[in-house]
Each structure stands twice: as C-alpha cells, then as structure tokens.
Amino acid sequence: MSTSPTLSADVVIVGTGIAGGHTAFKLAGAGVKTIVLEAGPHLSRNDAVANFVANPEKGPNAPYPSVPYAPHPVDGKANDFYVQAGPDQFVGSYTRILGGTTWHWTGFADRLRPADFQMRTRYGVSDDWPITYEDLVPHYEEVEKMWGVAGDPNYDWGSPRKVPYPQPPIPSSYMDQQIENGLRQVGLHMAQFSHARNSVPFDGRPACCGNNTCVPICPIHAKFDGTVHTLKAQALGAQIVTEALATTIEVGADTRITGIRYRRPDGSEGLATAKIYVIACHAIETPRLLLNSKSETAPDGVANASGNVGRYLLSQLNQDVWGLTKDPVYPYRGPQQTSGIVEFRDGDFRSKRAAVGTSFMNDGWSGNEDAVKLAGDLAKQGYRGHKMISAMREQMARHLRLNSSAETLGDRDNRITLDDTLVDSAGIPRPRVHFKVDDYTRAGLAYAVDASKKVFAALGVADVKTDTPYLSSAIICGTTRMGTDPKTSVVDIHLRSHDHQNLFILGTGAHLTAPVNAPTLTVAANALRASEKIIEDLSKP
C-alpha cells in the first residue's frame, strides 16, 4: 500500500467543524503550529447550491453528497448508514466536509441556561454538568463577537447577559405576528430567537435576505458556519488537509497518544504526529474513531477505560402540528424560524416532564419539499399550468406549522457501538445505535403539542393534523461525556481525556444534557476553553 508523507506539528486536530475550526483559529493565532485533518472535501458554496437544486431530496444533506472515502448519512436512508438496535429509530444527520455540520444547521445562537447545567440539583433528574453557566460566560461573549450574533436586546431566553448582542435582531415574520394573536388567547407568549446570521453586513458576509433555505444551505453565506474560522485559521498558518480520513489513534506504552493514521481517497495512508491531539469529529464519528483504535495499549479503544465512550447518546424528540389558516399568513418570508413560544423551555415542571422548544416554522408544512408535495397532489386532481400555480399560491400562503422538540435525558444504555459485521464504504465498522425515548420526554412533548392545538383552535385553523413523534436529525450529543470522575466520564472539565494526558476530545459529545437551546454556541465556547488549556500545556517545559 502506498504511503502519504508523515505530517508533524505541535497540535493535530481531527475535524474542521465548529469545535475543530475554532480551536485551530485560537491556536494558530497564538503561533502554535497546527495541522487539521478533514475526512471530506472542500466544497464550494456554488457547487453545494447546485447540488441542492438538482437533488430531488431536499433534506439536510441534499447539497452535500456522501463520498465513498468518507461517507455520512444520506437523507431518507438512515438505515443504510446506521445499524438500528432499537427500540426507537435514530436519524442523526451530519456532514463530512470542510466546515462540518453547521453548513446545514438552523443558525440558532443560543447559550444554554443556568438550569441546563444543574438538572439534578434544581429538578432532581439527569445529572449536573461539572461546569456552570458562569464558567462559560466569558467564552460565550467571545464567540458571540466572533460570529456577530443577532438577538433581541429585550429578551435573553433565560440566559442572563452582561453585554448586549453584537447585532440587532432578525425581525419576526408576518406569520409570527399572526400566531401571536392566537397565543394571547390561550395565555402564552412568543419571543424572537438569537441567530448566527447577519441582520446587518458583518465580517465580509451579507445580511440575511430571507432565502428560506437555511436548512440545508444559506446560498449567500449570511448564516455563519464552520468554514469561517477554519479558513481564518488557515490564513493564520494552520495547515488544513482535506480528504484525509482519520482511521486509528496510536497509543504509546505510557498511555500518551503518539500519532493519528489517516487514509486518502486513493488508498494511500499517512501518519500525523504532534505533542497534543484534538478529536473534534462530532458525536458519532468521534466515538467511532475512538472505538476503532483498539490496540494492546488501548484494549477497549482510546479514552475508553471507563467503558463510557459512545454511551449517554442524546437527541431530541420532535412532533409537528399543521393546518390551513382561514386568511393568508404568508410563510417563506425570511429565515425558516424566527420566533417561538417562551413558556415550555424551562421551569419547575422539568422535575416531571421535559423542556420543549416550540418554534413557528416559516417554511410551510414540510420545509423545502412543501411546494413539490403540493404540486404532486394538485396534479393528481387534474390541475395544470396557471391553474396549478394559482392554487399553489393560494394554499401555500395559508400553510401553518408549529414544531415542538423535547429534550431527552442521559441514559447509559443509549449508545453508539461498532457493528461486528457491517462496514461502510471506507471500510470502517458501521455505527450501531441503541436509543430508547423515556416517558419524561414523551410527557413534555405531549404537553407542548396539546398547547399547539389550542393555539390553532384560537386561530381558527382548519383540518389540524399531527405526525408521529420522531427523533431529531439535528441534535446529536453525549457520547464522550464530561465529568470529574474517570470511572463515569470520558473527559474532564477542560475536555482532556481522563486516560491520555495529551488528548482532548471536543464537541457535543461532552454534553450531559440536550436542552432546547441549541448546543452549537456551547461547543464553540468549550473549544475556546480547551484551547486555553492546550496553549498552557504547550508552554510548560
């Protein structure tokens, strides 16, 4: 087998998403020689938009083809990638591409709440994080400045602020304002979300113009994604190596990491060596890499002396309510979500039922597929030409949908393992997933969905429908849990492996909870914290 050159640096990072890119940016800015390995390609935005337009599937990964040398889940075909061990079907979606999965994230730039870090202390469920909200505040503020977060100065979503949002808020849509009329009638309230999308031009990127395809792609790059600071890191001197699939982590007899083996699309293999290593491959690929690195010096896989790598997998449980309004509400004006219900996201009720984020979906009944589905239905009814166009305009202007997403609790039996017999197209054992949604989560979701139906009734919405609850494709957390006890966790408060002093494991895998505020800002904040510790370690003789 041919070989690629050995790469060497002070720090080797695996993954160019939010965690890897922000770490590389901080390290390169401090003069640290840094190499970043990315399994997938560097895809241009123009090519990604063209892929989206041409792809009949319009799901999260529609613009991002899965490549044989670094495959990822394909929309509508989760079972071709995941080996489902049940009882609930896991459909987590992520990309392997320079910039990572934020190419198709919603763009919500929420901090977690103080209570999200103290679920056991406050509500008697789940576990407390080993860090607090206050520990992250300086890093939250730094990330918000880096991203140019837009938010409502009059509402903080339960996360106390010492400084204002860097940008003014993304305006609520006309549809949001109509929903507010129904909320008042049932005693509920709405607020505007904070966004990592520009409300004014910032950092060389334009202001949002309301394309309404935020998931899966912002065609003009008003929405922030992981390419921004990965490429800034490259400009500062970091070496970015794309199409380099990390396959195994090598461990020395003293438990220190000695290298990371990677494979190129042509089959050639190489080795990357460093003083310190950072794994930042998101919450599925990170445990796959760690577990795939069994050796005499790591018999259960890297960082897995506790047996907790891959365990405590977290997601969220979703359900939609939709119907046809009497008067037009005009969805598709602005981003896909700009506002949501306030009341279900935190409170004493979390001792008995899950927190739920109920959002007003500004993309019709079925997102990017809404027009396609309606056109098919009308065609079956004999509609053609201008008659079809008129009918579509009239109906889609009245499409209203609320989406509720409930937190799940950490369960050691919800986990990712490697399948014993099935491999993916790159020859790596496929991820085997066991996931079970508990009654706590289902109770929270049922409460929020019932409230959504009351809002629809207040608005006079006809023919209200709901779907079967389904796991989120966007939220994947918890497989490399943070903690102070090496027996029950994988990384410490700085995201350093308990087992290997020169290994840091970043990303949503460290999270102990998956509350309804999006995890991405917290991933970036923790990456900055870890970067400080890495720079401190490198300064020691």
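If R0 is 56 Å, the Cβ-Cβ spacing of residue 464 and residue 485 corresponds to a FRET efficiency of close to 0.70. Excluding residue 519 itself, what net charge comes from residues whose Cβ is under 12 Å from its Cβ, given Lys and Arg +1 and Asp and Glu -1? Taking every other residue near residue 519 into account, the sum is -2.
Measuring against 24 Å, Cα to Cα, the residue pairs 33/294; 26/145; 294/487 contain 33/294 as the ones spanning a longer distance. Our summary gives the chain a relative contact order of 23 percent, counting only alpha carbon pairs under 8 angstrom and 6 or more residues apart.
Projecting the Cα positions of 284, 151, 304 onto the charge dipole of the chain (unit charges on Cβ atoms of Lys, Arg, Asp and Glu, taken about the Cα centre) puts 151 furthest along the positive direction. Here the simple spin-label model places points 7 Å from the Cα toward Cβ, and for residue 348 and residue 330 these points are separated by 4.3 nm.
Surface composition of the stretch 442-541: carbon plus sulfur atoms contribute 53% of the solvent-accessible area (1.4 Å probe, protein chains only, all chains present). Take residue 125, project a point 7 Å from its Cα along the Cβ direction, then tell me which residues of the stretch 442-478 have their backbone nitrogen under 19 Å from it. Correct set: 442-452, 469-472, 475-478. All other residues whose Cβ lies under 12 angstrom from that of residue 13 are scored, Lys and Arg at +1 and Asp and Glu at -1, for a net of 0. Cβ under 11 Å from residue 32's Cβ, residue 32 left aside: what net charge do those residues give with Lys, Arg +1 and Asp, Glu -1? Local charge sum for residue 32: +1.
For the stretch 404-541, the antiparallel share of DSSP beta bridges with both residues in that region comes to about 90%. Working note: Karplus 6.51/-1.76/1.60 with θ = phi - 60° gives the stretch 58-64 the couplings 10, x, x, 9, 3, x, 10 Hz, where Gly and Pro are set to x. Averaging sequence separations of C-alpha pairs under 8 Å and six or more residues apart, then dividing by the length of the stretch 397-451, give the relative contact order as a whole percent. The normalised contact order for the stretch 397-451 reaches 39 percent.
Taking the chain as the reference, fit the longest principal axis to its C-alpha atoms, fit the long axis of helix 520-539 to the helix C-alpha atoms, and give the angle between the two in degrees, 0 to 90, nearest 10. Helix 520-539 and the main axis of the chain meet at about 20 degrees.
Distance between Cα centroids, the stretch 336-356 to the stretch 31-92: provide it in whole Å. So the separation of the two Cα centres works out to 30 Å.
Looking at the square roots a ≥ b ≥ c of the eigenvalues of the Cα gyration tensor of the stretch 1-155, which shape do they give, rounded for a/c under 1.5, prolate if a/b is larger than b/c, or oblate? Because a/c hits 1.5 or more and a/b fails to exceed b/c, the stretch 1-155 counts as oblate. Pairs over the 30 Å Cα-Cα cut-off, from the set 352/453; 352/533; 58/380: 352/533. Between residue 155 and residue 393, the modelled labels are 3.3 nm apart [label points 7 Å from Cα along Cα→Cβ]. The alpha carbon radius of gyration of the stretch 198-324, expressed as a multiple of 2.2 N^0.38 Å, is 1.45.
Once both labels are positioned 7 Å from their Cα atoms along Cα-to-Cβ, the gap between residue 540 and residue 253 label points is 2.3 nm. Of all beta bridges that DSSP places with both ends in the chain, some 70 percent have antiparallel geometry. Can you give me the C-alpha center-to-center distance between the stretch 112-181 and the stretch 387-432, rounded to a whole angstrom? The stretch 112-181 and the stretch 387-432 have Cα centres spaced 25 Å from each other. The calculated pair-distance distribution of the chain uses every alpha carbon pair, bins of 10 angstrom beginning at 0, and gives 4, 19, 30, 27, 14, 5, 1, 0 percent. Computed extension length for residue 185-residue 425: 81.0 nm, one decimal, from 0.36 nm per residue of separation with the Cα-Cα distance subtracted.
Helical runs (DSSP H, four residues minimum) scored at -39500 (n - 2.57) apiece and divided by the length of the chain put the mean residue ellipticity at 222 nm at -8000 deg cm²/dmol. Ranked by the mean number of other Cβ atoms within 10 Å of their residues, highest first, the peptides 501-510, 426-435, 84-93 come out as 501-510, 426-435, 84-93. Across the stretch 241-356, Cα pairs under 8 Å and at least six residues apart give a relative contact order of 16 percent. Summary of packing: across the peptides 478-485, 352-359, the per-residue average of other C-beta atoms within 10 Å ranks them, highest first, as 352-359, 478-485.
The values are calculated or read from the model by the stated rules, or taken from the named source; none is laboratory data. All values derive from a computational prediction rather than experimental measurement. Heads up, the Cβs are rebuilt from the backbone with ideal geometry, glycines too, and the neighbour counts pull from every protein chain shown. Heads up: the accessible areas ignore ligands, DNA and RNA and are worked out on the full protein's heavy atoms, side chains in. Shrake-Rupley method; radii C 1.70, N 1.55, O 1.52, S 1.80 Å.
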